[in-house]
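Shown next, in structure tokens, is the structure this report addresses.
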Amino acid sequence: MNPLLQVQHLSVGIQRGRTYLLGVDDIGFQVQAGEMVGILGESGCGKTLTALSILGLLAPGIQITRGTIRFNGLELKGLSERELCGIRGKDLSMVFQEPSLNPVFTIGRQIAEPLRLHGSKNKRLIQGEVLDIMDKLGLPEPAKLAAAYPHQLSGGMRQRVMLALAIVCKPKLLIADEATTALDVSTQAQILHLLKRINRDFGTAILFISHDLGLISRLCDRLMVMYAGKILEEGTVDEVFADPRHEYTKGLMGSIPQQNQKGKPLVSIPGKVPSIEEKPPGCPFAPRCRKATSRCTTRFPEPLSLGGEHLVRCVLETEYV
Ligand SMILES: Nc1ncnc2c1ncn2[C@@H]1O[C@H](COP(=O)(O)OP(=O)(O)OP(=O)(O)O)[C@@H](O)[C@H]1O
Ligand SMILES: [Mg+2]
């Protein structure tokens, strides 16, 4: 079966004078219908640029310099804004960290907007669908809440409204970019629960972007570990957890707070993600990798299959087998 989303050799360039510096550097992956896939990585790794490329929402001065993005049998790269508008909010939807609701319209009207935009005309039917989706997402007293304005809601509630808005047209794929990051832990857990329900009840595939491995492991079937614009390791959550092979993945796993470690500082990976200007040659993680050798700075390896869906891109792994 063809994947729902297939990204191949995607590079995203940020314009600097006459050249483009790569914020995403030749990545490829797929998402099957109904699958939950995580993209994990620290700040500045290219997660959002990947999401925005798929959605056709890259800012001026940033563009796809190479690659293809097939969604639901259609090549998205090169579609006009009008064609993209016919897909976004309908089959392909998104929710970001900041709930971006319009302060001057009621909640109900905003949730109804995608339905109106994508063809529903009947006001009563639209109203019914809005209340139904609000109810399904556990928004209390939907009829009353639909008449409220965004500023009357808590942050967690606004994020639920954003989710309602994102899925009211029952999309095939929902991209959630740090959708729970700004929320407190219990609200975060509620949103995760909702995402699971959305996936189960509507068969919506979810691309869940986060710097939090704990959240990804609780939600997703599969994950990709991204660093400085590249995918360094990928596999099912079980495969990667059982046998993390890239030093970066191991470092991220060491950074998860453990229940019994309360009060102890987090182990983090020394150093920081290179900016697009200072990306080193070879493996971009080499300067922070405690096992790096001179070979790591000269080439970036092809993926090595570790069985199942597990792949790693590490010079050391590749050369020692
Ligand atoms: N509008 C922009 N102008 C210039 N550089 C940008 C822009 N957007 C992203 N970048 C650069 O591209 C790289 C990838 O950024 P991106 O926003 O995709 O990271 P991210 O993984 O989503 O990080 P975060 O976890 O902080 O959201 C970074 O080096 C970032 O500085
Ligand atoms: Mg981001």
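Each reported figure results from applying straightforward, stated rules to the coordinates on display, with no laboratory input. Keep in mind the model is a prediction, meaning the values are calculated, not measured. Please note: Cβ atoms are built from the backbone with ideal geometry, for glycine as well, and neighbour counts cover all protein chains shown.
Things to note:
- Under the Debye formula (equal points on every Cα, no solvent term), log10 I(q)/I(0) of segment 1-108 at q = 0.12, 0.15, 0.18, 0.21 Å⁻¹: -0.47, -0.72, -1.00, -1.27
- Only one residue of GLY229, ALA189, VAL168 has its Cα farthest out toward the positive end of the dipole of segment 167-321, where Lys and Arg carry +1 and Asp and Glu -1 on Cβ, and that residue is ALA189.
- Exposed trypsin sites (Lys or Arg not before Pro) absent: longest stretch of the chain, with sites in DSSP loops and at most 16 other Cβ within 10 Å deemed exposed: 122-261
- Summed residue charge, Cβ within 12 Å of PHE300's Cβ, Lys/Arg positive, Asp/Glu negative: +2
- Formal net charge of residues neighbouring THR187 (Cβ-Cβ distance under 12 Å; K, R +1; D, E -1): +1
- With a simple spin-label model that places each label point 7 Å from the Cα along the Cα-to-Cβ direction, the separation between ASP26 and GLU302 comes to 1.2 nm.
- Local net charge near LYS47, Cβ-Cβ under 11 Å (Lys/Arg +1, Asp/Glu -1): -3
- Inverting the pair-averaged 1/r between distinct Cα atoms of segment 58-184 gives 15.7 Å as its Kirkwood hydrodynamic radius.
- Isotropic mean projected area of the C-alpha convex hull, segment 111-196 (nm²): 5.8 nm²
- On Cα atoms only, tilt of 123-136 relative to the major axis of the chain in degrees: 50 degrees
- Dipole magnitude for segment 60-166: computed about the Cα centre from +1 point charges on Lys and Arg Cβ and -1 point charges on Asp and Glu Cβ, it is near 160 debye.
- Rg/Rh ratio calculated on Cα atoms of segment 168-301 (Kirkwood radius): 1.01
- Helix-only mean residue ellipticity at 222 nm for the chain, each DSSP H run of n ≥ 4 adding -39500 (n - 2.57), per residue, nearest 500: -9000 deg cm²/dmol
- Share of pairwise Cα separations in segment 146-188, more than 13 Å, in percent: 59 percent
- The value given for the chain is a Kirkwood hydrodynamic radius of 20.8 Å, derived from the mean inverse Cα-Cα separation.
- Extension gain for ARG16 to MET1 (0.36 nm times residue separation, less C-alpha to C-alpha distance): 1.4 nm.
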